[in-house]
């Protein structure tokens with residue numbers, strides 16, 4: 001195996017994590033395979049053994065690997081055994097995502113966001129309405145649209161009254177923001193979203209069911225549009 005050394009981030013532990021995860025995602029260490037022993041891996045990564053040890057325990061907590069004391073450390077089948085903490089880290093390595101990952105993520109949002117929006121509209125309609133009113137001043141800047149849309153989703157999660165929902169959405173932040181930049185790069189995408197914000201604001205006084213219906217319809221349409229953008 002080639003050396004894992006490369007350009008190091010500021011902190012050695014970040015460098016070690018990046019090098020090990022890149023090697024795992026690249027297929028150098030497939031699920032079920034052992035990592036090199038501690039001394040050898042530390043040399044390849046270019047960090048001290050204590051730093052490597054701390055990195056491995058951190059990766060083990062997220063579900064990337066399983067540490068067996070006195071035995072080789074094994075790479076897990078992380079797609080099936082990992083949790084949201086692992087997903088948050090994985091979001092930093094978009095080049096290694098499977099082709100249908102975004103489609104699965106959008107399908108998940110279709111299930112999750114409508115009831116979250118319904119709860120937010122029921123518990124604090126004034127705060128949700130106040131945010132939606134800001135949409136009139138967005139202009140045509142792609143980044144501003146992306147930031148606003150993410151803030152809307154995050155606000156819904158916070159207003160839902162469930163402390164778990166914001167944590168789930170935070171794990172998706174990087175991916176959703178990247179997707180939003182693509183969606184809002186066209187005038188049609190921005191105009192469609194403005195219509196959504198207006199329809200959502202109009203649905204809030206009508207009740208939870210109407211809010212959920214508006215959000216579900218837009219999420220389903222987003223999933224269809226993204227599928228249509230995939231190369232043949």
Inset, instruction - Mind jotting down the distance between the C-alpha centroids of region 82-128 and region 202-227, whole Å? - result: 15 Å
Inset, instruction - Over the chain, consider all pairs of different Cα atoms and compute the Kirkwood hydrodynamic radius from their mean reciprocal separation; express it in Å, one decimal. - result: 19.9 Å
Inset, instruction - With label points built 7 Å along Cα→Cβ from the Cα atoms of residue 133 and residue 186, find their separation and express it in nm. - result: 3.3 nm
Inset, instruction - Using only Cα atoms, find the angle between the long axis of helix 208-229 and the longest principal axis of the chain, and express it within 0 to 90 degrees, rounded to the nearest 10. - result: 60 degrees
Legend entry - Folded to 0 to 90 degrees: helix 173-183 orientation relative to the chain principal axis, Cα: 60 degrees
Inset, instruction - Along each of the three principal axes of the Cα atoms of region 39-87, give the extent in whole Å, ordering the values from largest to smallest. - result: 30, 21, 15
Legend entry - Extended-chain gain in nm, criterion 0.36 nm per residue less alpha-carbon gap, residue 147 and residue 164: 4.0 nm
Legend entry - Alpha-carbon Debye profile of region 98-229, log10 I(q)/I(0) at 0.09, 0.11 Å⁻¹: -0.23, -0.35
Legend entry - Relative contact order (%) - the chain, alpha-carbon pairs under 8 angstrom, separation at least six: 18 percent
Inset, instruction - Order these peptides, 89-95, 51-57, 13-19, by their mean beta-carbon neighbour count within 10 angstrom, highest first. - result: 13-19, 51-57, 89-95
Legend entry - Rounded to 10°, Cα long-axis angle of helix 49-62 versus longest principal axis of the chain: 40 degrees
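Report, in deg cm²/dmol and to the nearest 500, the calculated mean residue ellipticity at 222 nm for the chain, where each DSSP H run with n ≥ 4 adds -39500 (n - 2.57) and the sum is divided by the residue count.
Mean residue ellipticity, 222 nm, calculated: -21500 deg cm²/dmol.
Counting pairs of alpha carbon atoms under 8 Å apart in space and at least six apart in sequence, what relative contact order in percent does region 98-229 give? The partial results should precede the final answer.
Numbers: 120 pairs, mean separation 52.9, N = 132.
Relative CO of region 98-229 lands at 40 percent.
Bear in mind that the values in this text are calculations on the coordinates, not laboratory data. Please read all numbers here as calculations on a predicted model, not as lab measurements. With ideal geometry, Cβ positions are generated from the backbone for all residues, glycine too; neighbour counts draw on all protein chains shown.
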